[in-house]
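Participant: The structure under discussion is supplied below as structure tokens; questions concerning it will follow.
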Amino acid sequence: MIARLGSTAINDLREALPRLTHIPLAHLPQLDIEQRRAYWLDEISKSLADESSIALAWVPSGRIGGFIIYTDSPWDGRIIGRRIGTVKHLAVTSDDPEGVVILRELINGLTQSLADRGTECVVCRVQSCELAAIHALEQCGFLLMDTLLDFVFAFSGTGPEQTNPRPPDKRLSIRLAEPRDLPVLMAMNERAFANYFGRYHADPQIPSGTATRIYVEWMRSAFEGWADWIPVGEIDGKIAGSAIWRQALAPKESESPGVAYCDMVVVDPEFQGSGLGTALMRYGTDVARDVAQYVVGPVHICNYSIQRTLQKVGWKIFGSRHSFHKWLRPDDSLNAK
């Protein structure tokens, strides 16, 4: 029933998408379903083109009934020092017990292939409403690490005054980051994420210092081109916060609206409660107005301060996702500590 898929299988997958229970970009229900499927198909094509990809499909009678696509995650692996990869796509045509069985077979087939080639950890993130996928992952030994809430802001119906950056007092100013800011921002991230509770810190196989370093290096990657704009907040001339923004879906004439993501908002622990987080979000959202119709911000379910900030500037929760990890080659010395 299980077949390997290559880059030439994209037409078969295109035919299967409408029959699958997974809803792409579920946190953007404002988009037309065909727009979301077109985005999903483009992401699938990119994954299949990755040299490290492994793609398996459940094909009971000539039609795809479920599939899984994996790629290596060299950035995470370089920082953590162990070979890590991600399940990019996981979908099935049924959410009933049969769907769980199909997904379990696909996941087990993938993890066996990965163990044979030396992968140590597999990451998978699924929507919290995808019960078949959640049950299959847990039955295959994946452990829940965290839950993210997807906050969304839609520009339709809002005027510039609702997103215009308005610093809470004259001591505060917002500007775009410059290359010379990188060392200060990386040091600030190290302080801010030292005792964080995200999926990296929650995983007992990842030392706390290594987990913090991921967020520090995230800032370096942002400066190296991963982000599209990085607002920096200063209080009395001292850098006190920053945010990382990127354009994830560019508008294509009248076919699809643009979508931008705010992936990180950081306020130096010294300046918590200053109103800087709100000012950074207003500034970044105002920049996004020119390139997107919707902006998205994934927030950890326990990060209440950022949730309050986003709600204050008009963002709403439209979805949630669970993150799962499975270590194929656990480090027993860490479990003994």
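FYI, it's all coordinate maths here, none of it is from the lab. As the structure is a prediction and not an experimental result, all values here were calculated from the model. Please note: Cβ atoms are built from the backbone with ideal geometry, for glycine as well, and neighbour counts cover all protein chains shown.
Participant: Would you calculate the separation in nanometres between label points at D96 and Q139, each defined as 7 Å from the Cα along the Cα-to-beta-carbon direction?
Facilitator: Inter-label distance under the simple model: 1.4 nm.
Participant: Which one of M281, Q112, L143 is farthest out on the positive end of the charge dipole of the chain, using unit charges on Cβ (Lys, Arg +1; Asp, Glu -1) and the Cα centre as origin?
Facilitator: It is M281.
Participant: State which entries of K88/K312; K170/K238; K88/K326 exceed 24 angstrom in Cα-Cα distance in the structure shown.
Facilitator: In this structure, K88/K312 lie more than 24 Å apart at Cα.
Participant: Rank A250, V291, I174 by how far each Cα sits towards the positive end of the charge dipole of the chain (+1 on Lys, Arg Cβ; -1 on Asp, Glu Cβ) and give me just the farthest.
Facilitator: Checked the options; the winner is I174.
Participant: If each of S7 and L41 carries a label point 7 Å out from its Cα toward its Cβ, how far apart are those two points in nm?
Facilitator: So the label points at S7 and L41 sit 1.8 nm apart.
Participant: Still on this structure, please answer the following. Using R₀ = 41 Å, calculate the FRET efficiency as 1/(1 + (r/R₀)^6) where r is the Cβ-Cβ separation of S173 and F197; round to 0.05.
Facilitator: The calculated FRET efficiency here is 0.85.
Participant: With runs of 4+ DSSP H residues as the only contributors, calculate the mean residue ellipticity of the chain at 222 nm using -39,500 (n - 2.57) per run, divided by the residue total and rounded to the nearest 500.
Facilitator: Details: 11 runs with 115 residues, N = 337.
Computed mean residue ellipticity for the chain: -10000 deg cm²/dmol.
Participant: Within 14 Å, Cβ to Cβ, of S94, how many net charges do the neighbouring residues add up to if Lys/Arg are +1 and Asp/Glu are -1?
Facilitator: Working: positive: R19, R63, R104; negative: D95, D96, E98, E105, E130.
So the surrounding residues net to -2.
Participant: Within the chain, what is the longest stretch that has no GluC sites (Glu not before Pro) placed in a DSSP loop and near at most 15 other beta-carbon atoms within 10 Å?
Facilitator: Counting only loop sites that pass the neighbour cut-off, the longest clear stretch is 52-252.
Participant: Among [x] 28.0; [y] 23.1; [z] 17.8, which is the computed mean projected area of the Cα convex hull in nm²?
Facilitator: Here the calculated entry is [z].
Participant: With axes computed from alpha carbons, what is the tilt in degrees of helix 33-49 against the longest principal axis of the chain, rounded to the nearest 10 within 0 to 90?
Facilitator: Rounded to the nearest ten degrees, it is 70.
Participant: Arranged by the count of other C-beta atoms within 10 angstrom, fewest first, what order do C121, C129 take?
Facilitator: C129, C121
Participant: I would also like to ask the following. Treating the angle as unsigned and between 0 and 90°, give the value, to the nearest 10°, between the Cα long axis of helix 182-192 and the longest Cα principal axis of the chain.
Facilitator: It is inclined by approximately 70 degrees.
Participant: Sequence-distant or interchain residues sharing an amide H contact under 5 Å with A240, placed H: which?
Facilitator: For A240, the qualifying residues are G233, E234, I235.
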